[in-house]
Each structure stands twice: as structure tokens, then as C-alpha cells.
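Novice: Here it is: the structure, laid out below.
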Amino acid sequence: MLTRQGLTRDGDVWNVPSGVAATVYLSLDEESLIIDRVAKIEITTEVAYAVTARRERYAFEVETLRALRFVNEK
């Protein structure tokens with residue numbers, strides 16, 4: 001799925017290409033968390049990481065991932 005969206009893979013890390021805005025949507029019990037400007041997504045068996053363009057690093061359980069949004073900025 002991520003390759004179809006133009007992301008390149010380096011091991012467990014998926015890199016978002018320049019010109020694409022990526023957003024991660026997480027479901028945390030009754031609340032949601034939205035992570036904007038994602039530059040890299042690392043996915044392991046149980047834990048995933050999102051690194052933003054501002055170098056913020058978020059770790060979350062894979063099962064909380066609900067959606068990924070990709071928008072071409074060009």
C-alpha cells in the first residue's frame with residue numbers, strides 16, 4: 001500500500017517523497033491523534049514510529065493506526 005503511494009522503503013522505514021504531505025491518523029480509546037507533516041514511517045510487528053518534517057518522533061502501537069493521508073503538494 002505504501003509503495004503505491006510513492007513511498008520508498010529502506011528496511012522497516014518508509015520515506016515520504018518531497019512534494020507529498022503525509023498525515024497519520026491514530027485512534028486512542030475515545031480520542032484521536034493526528035500527526036501532520038510526516039516524513040518517515042517505521043513499522044515493526046507491534047510498534048510504529050512517525051517522524052515529522054520538524055524531526056518530532058512519535059511511537060504508537062500498530063493497532064491504533066486508522067488511516068494514512070497523502071496529498072501531492074505540487
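Novice: With respect to the numbered conditions (1) surrounded by 11 or more Cβ atoms within 10 Å (Cβ to Cβ); (2) over 11 Å from the mean Cα position of the chain (by Cα); (3) of a type outside the set (Phe, Trp, Tyr), which one is the sole condition not fulfilled by residue 45?
Specialist: (1)
Novice: Here is a follow-up. I'd like to check something: does the range 18-29 contain any residue that is surrounded by 11 or more Cβ atoms within 10 Å (Cβ to Cβ), out of contact with any Pro (no Cβ under 6 Å at 6 or more places or on another chain) and free of Cβ contacts under 8 Å to residues at least 24 places away in the same chain?
Specialist: Checking the range 18-29: not a single residue is surrounded by 11 or more Cβ atoms within 10 Å (Cβ to Cβ), out of contact with any Pro (no Cβ under 6 Å at 6 or more places or on another chain) and free of Cβ contacts under 8 Å to residues at least 24 places away in the same chain.
Novice: Can you tell me how many residues in the range 1-33 are in contact with a strand residue (DSSP E or B) (Cβ under 6 Å, 6 or more places away or on another chain) and either in a strand (DSSP E or B) or among the aromatic types (Phe, Trp, Tyr) (or both)?
Specialist: Number of matching residues: 13.
Novice: Pick from the range 34-52 the residues that are modelled with pLDDT under 95 and not in a strand (DSSP E or B): which of them is nearest to residue 15 (Cα to Cα)?
Specialist: So the residue we want is 44.
Novice: Now a separate question. Any residue at all in the range 67-74 that is more than 12 Å from the chain's Cα centre (by Cα) and more than 16 Å from residue 2 (Cβ to Cβ)?
Specialist: Taking every residue of the range 67-74 in turn, at least one turns out to be more than 12 Å from the chain's Cα centre (by Cα) and more than 16 Å from residue 2 (Cβ to Cβ).
The values are calculated or read from the model by the stated rules, or taken from the named source; none is laboratory data. All of these numbers come straight from a predicted model, not from anything done at the bench. A quick note on method: Cβ atoms are made from the backbone with ideal geometry, for glycine too, and the neighbour counts reach across all protein chains shown.
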